[in-house]
1. Simple spin-label model, 7 Å along Cα-to-Cβ: residue 364 to residue 160 in nm?
2. When ranked by the protection proxy of mean other Cβ atoms within 10 Å per residue, highest first, what sequence do the peptides 107-114, 155-162, 495-502 form?
3. With just the Cα atoms defining each centre, how far is the range 173-230 from the range 284-315? Give it in Å.
4. For the chain, take the longest principal axis of its alpha carbons; what is the angle in degrees between that and the long axis of helix 290-302, to the nearest 10 within 0 to 90?
5. To the nearest Å, what is the center-to-center distance of the range 474-520 and the range 398-449, using C-alpha atoms only?
6. Pulled fully out, how much extra length does the chain show between residue 79 and residue 505, if you take 0.36 nm times their separation in residues and subtract their Cα-Cα distance?
7. Could you give the length gained on full extension between residue 575 and residue 182, defined as 0.36 nm per residue of separation minus the Cα-Cα distance, in nm?
8. Can you give the relative contact order of the range 153-212 as a percent, counting alpha carbon pairs under 8 Å and 6+ residues apart?
Ligand code: GLC
């Protein structure tokens, strides 16, 4: 972090006044620098609920099991909606529940207009949407446009048809390289490991063409150059909009268009690859052509009453390229994965927050904060790993284990920091309980295709997908009526169950509830960041009338005299000392 820095005011239209960094102050003498004025909160149109919403991700397999088969379902979710009202969420996002062979836990969709019997029926989806709306909760569903399932009727037709046929052109089929086409058409790797191409067998049993799958072979990539693919997805949007959904989380939003020449790319697949790293932009990600697709979608959404939204899952950097997805005529939100990946240090957090706010305010969009989801190690465990280490893709029993106590302490501080920031924030089911990753799962239990596809080198994402605990003393910790769960629950989950935390002062659950209540009362989501002081170990900013301080350093930091503490992520001792790895919100 620079000793003293000043950002041009034009860079931060949402951060009024001067921005001053000062590392000369000692941790015990934080003082606010002179300000010209305290910024008023910018009041957007009240109808733009998404600008400040707290949206809770439900992973249907693992949230609540209504029928006792060990897999969560839609009726289970409906029965638990009051939990989300009590928590203070504004909306839910449901990961896929569509008919699917479940090669990638439902991100391989065989029918975009139905419900897999595992999760219920279409009527259960309607009931869930209705019950959520009755409670004032908006509903966002997952849309998977980059690929279908190999069990989708279109792919069956493509396999049955000849090379070059219209059926094949809905996907990305190519002849192989080598003298007999025995080599894949290019060197692209699948995100889950291994080649991104699979060779098909012709009806007479001969080896045939290859098809592209950036993920599992059960997830063939669609060809978005075909008008009929575009028309189909416009129709799928309308199908769910007509059923009342409030928006779509767009899976792999940066992947739909591939560089036309399908040029070789010799680098390994990694999240957040792209400009801003030392590599060229990959030919399979973040091609400019994707934006036309979202402009078309936005027109459809805008033709419906209310504010229906699109949120991009786009592992894209730098922040300016991500911001292109949320220009005024495209999507509404884009997950800020650079923030999720940022190291737990004051300079890294300060830098990513500043950069993100600059980039999104340049296109008049909110920043969309997120710390956990179904693809990454839960932040209560991730933050218990050594700072600065690259996030591993899954943790197994033989791997270095996170420090659970440290991880939870930092996770609570990180969440309280995130919830003080202007913009929207996504929570992942269980994080409100401080739930850790299951880091000692037996390898035989793993279901994520990453484990097999990577030749058992990457354990994958099962550890964050384990059914969540509701009751400490019930079968499957209250996940369902039976003692069954599709992934094993670790015994330690009993200690995190909701019933042990509800109404208990100091619990992670009550911390989240308090934070969400105060966030709403103080309009933090539509506020602005006004930096006060920042040092090597501490960041402090004001959002409206609230001051937020996070201490990343080893020494306690003393607060100015006479402040009123509203909430802190861990007890202060004494009252005006903020210990290490703690966030506090106070009134000056
Ligand atoms: C997204 C999903 C992930 C899935 C992948 C392929 O990254 O979040 O779970 O495996 O897309 O659909």
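1. Those two pseudo-labels are separated by 5.0 nm.
2. Output ranking for 107-114, 155-162, 495-502: 107-114, 495-502, 155-162.
3. Between the Cα centres of the range 173-230 and the range 284-315 lies a distance of 27 Å.
4. Between the helix axis and the principal axis of the chain, the angle is about 80 degrees.
5. Taking the Cα centre of each part, the range 474-520 and the range 398-449 sit 13 Å apart.
6. Extending this stretch completely gives an extra 150.8 nm.
7. Details: separation 393, 0.36 × 393 = 141.48 nm, distance 7.01 nm.
That works out to 134.5 nm of additional length.
8. Contact order relative to length: 28 percent.
Read-outs: derived from the displayed coordinates by stated rules, not from any lab. Because the structure is predicted, anything quoted here is derived from the model rather than measured. Reconstructed Cβ throughout: ideal geometry from the backbone, glycine too, with neighbour counts over all protein chains shown.
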